[in-house]
1. Do any residues in region A:38-54 that are surrounded by 12 or more Cβ atoms within 10 Å (Cβ to Cβ) have Cβ atoms under 6 Å from those of residues that are assigned to a loop (DSSP other than H, G, I, E, B), where the two are at least six apart or on different chains, and which pairs are they?
2. Suppose we keep only residues that are part of a loop (DSSP other than H, G, I, E, B) and within 7 Å of chain A (Cβ to nearest Cβ) within region B:93-128. Which one would you say is surrounded by the fewest Cβ atoms within 10 Å (Cβ to Cβ)?
3. Check A:187, A:228 and return the single one that is in the same structural domain as residue A:147 (by TED's automatic domain parsing), within 19 Å of residue A:52 (Cα to Cα) and without any contact (Cβ under 8 Å) to a residue 40 or more places away in the chain.
4. Return a yes/no flag: does region A:12-28 have any residue that is away from chain B (no Cβ under 14 Å) and more than 20 Å from residue B:87 (Cα to Cα).
5. Assigned to a loop (DSSP other than H, G, I, E, B), under 29 Å from the mean Cα position of the chain (by Cα) and farther than 24 Å from residue A:196 by Cβ, is that true of residue A:60?
6. Kindly indicate whether residue B:190 is modelled with pLDDT of 90 or more, under 15 Å from the mean Cα position of the chain (by Cα) and within 14 Å of chain A (Cβ to nearest Cβ).
7. I'm trying to understand the selection: among the residues of region B:155-187, which are assigned to a helix (DSSP H, G or I) and over 31 Å from the mean Cα position of the chain (by Cα)?
8. Here is a list of conditions, (1) within 11 Å of chain A (Cβ to nearest Cβ); (2) modelled with pLDDT under 90; (3) crowded, with 16+ Cβ neighbours inside 10 Å, and residue B:274 meets all of them except one; can you say which number that is?
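The values are calculated or read from the model by the stated rules, or taken from the named source; none is laboratory data. The shown structure was predicted, so the numbers you read here are calculated from the model rather than taken from an experiment. Here the Cβ is made from the backbone with ideal geometry for all residues, glycine too, and neighbour counts use every protein chain on show.
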Amino acid sequence: MIYKIFKNSMLAIYAAAVLVPSSIVVLGSFKSDVEIYTKPLALPQHWNLNNFRTLVDTGSVWIPFKNSVFVSVFSVLFTIILASMVAYAIARSITITGKVLFAMFSIGLAIPGQVNIIPIFTLFTKLHLNNSLYGLILVNVALTLPISVFIISAFFKDLPKELFEVASIDGANHWRVYRSIAMPLARPAIGATSIFLFVIDWNDLLYPLMLINELDKKTLPLTLIDFRGEFATSYSMLFTAIMVASIPMVLMYVFAQRSFIAGLTAGAVKG
Amino acid sequence: MAAPAIILYSFLYLYPALSNLLYSTQRWDGVTKPEFIGLKNFIHLLTDDDLFMKVLGNNVRFTIIVVVLQTGFALLFATFLTKNTKTNIFLRTVYFFPTILSSVSVGLIWTFLYDPNYGFINATLKAIGLDNLALNWLGDSKYSLYAVAVTQIWFHTGQMVVIYVAGLQQIPAELYEAADVDGATRWQQFKNVTWPMALPTTAVVVAYTTIQTFRAFDLIYAMTQGGPLNSSDLLVTMVYNTAFVGYKFGYAAAQTIFLVLTVMLVTWLQRRVLRTNDGTKK
């Protein structure tokens, strides 16, 4: 009995702890600043999209939104292509090369990407890749390659070897086996990994902060940070911007929850 | 087939990691010609840098608080939510929700909650008459680190609940049935069945949480930027400031090497402790 009361109240308190701040943001995006301060949890007095309209009119969120979509989508795409090719090579070659390849990318798992902030900054400045969205894509791909190789190759290794061997006997070369057997079979793993990567790339602040300072190249996390200064105490604009920045994640969470959770816990194998 | 990835990875991961080693032996402002100074950066870092020692202490405290509380909460909620009933699945979904937000969004939302004048936390405290508990959470160097730690726990507990639930569901039901037959109390069941059987999962959760605490750059930057008076500064934010605010690139490179060694040492220690406690997995 006491256990039940304890259990249910703990569960309810934590659910409230998650839901209250989230509701404040969602409701706040329809409110004025004063309303947020005085009645943060009440429904808005007038449901209107004024805050969203202001954001659109000033253009301050649309460009970073586009930049974030561009950088994240292509970062994920290239990471998946490159990592799955390496993973295939690791899984298929029973000889020494597979092991060497795996060891090589394991080094990357041991060295956290943060070590590279200073060298990447100096290298990119030299190559004029700072203030470039392509530069950000390159960084993202390089930084997320080791973990992606790790996750995808673990999946390839679990596939029955006969599948590959039969295809090879039938005369299919590696490219064909990779494209028409390995990749289609790996779809669930690729899906989960893509989401895992998308969240990392979409949310990253450190590298954009370091590499980007031109206004029209900024990504969403950078813009959100600027908002704090720009609209010093305007939490209504800030909450609206947070809503816009979170929309892709929320949509993915609602419609692909299973892969989403699988993706975000896959990193646990070797965060 | 692996060639394109190898080229990119060598050029933008391995080569930078090596050049970081080189930078750490230099005095360099990022602009003028670097000057080789051997191990002086490391010697200075370990013997004559009060800020570094303070930040290291912050990081140790932050990591311990977050690891202990987050793992504890996650295990507690996971034991409550192990069964796949509708309510449990719904609650897991709710708990997981903060994980999908960006660190910057989470940091800014909590900046509002903590706002000393208009923030939700102080408004609530004042409404129920606890005016003297309405503190300047982020602006007071006594509380800022703990305030950020609470945010970090809010951010990631749900993710750890999901990992724990997956682990707890693997525990054979017979073990609990046997415990029931023996008349074991809930606490005894937890102590003698759940805890030992969940140790491998605990090892994963603790390692993952630890790494997250060493990577909390975005959250700190969005909330306090390490302030006030470096009270919430962590190693990773300190490295950033050394390089991009103080323009000491060589020194910052030495700090990153120390950061990596710390992370490796901590994760290695954890693995040893959690393994030796676990008789079944040696």
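1. Close Cβ pairs satisfying both conditions: A:44/A:30; A:44/A:31; A:51/A:29.
2. Ranking the candidates gives B:118 first.
3. Result of the check over A:187, A:228: A:228.
4. No, region A:12-28 contains no residue that is away from chain B (no Cβ under 14 Å) and more than 20 Å from residue B:87 (Cα to Cα).
5. So residue A:60 fits the description; yes.
6. no
7. B:173, B:174, B:175, B:176, B:177, B:178, B:179, B:180, B:181, listed by residue number.
8. Looking at each condition in turn, residue B:274 falls short on (1).
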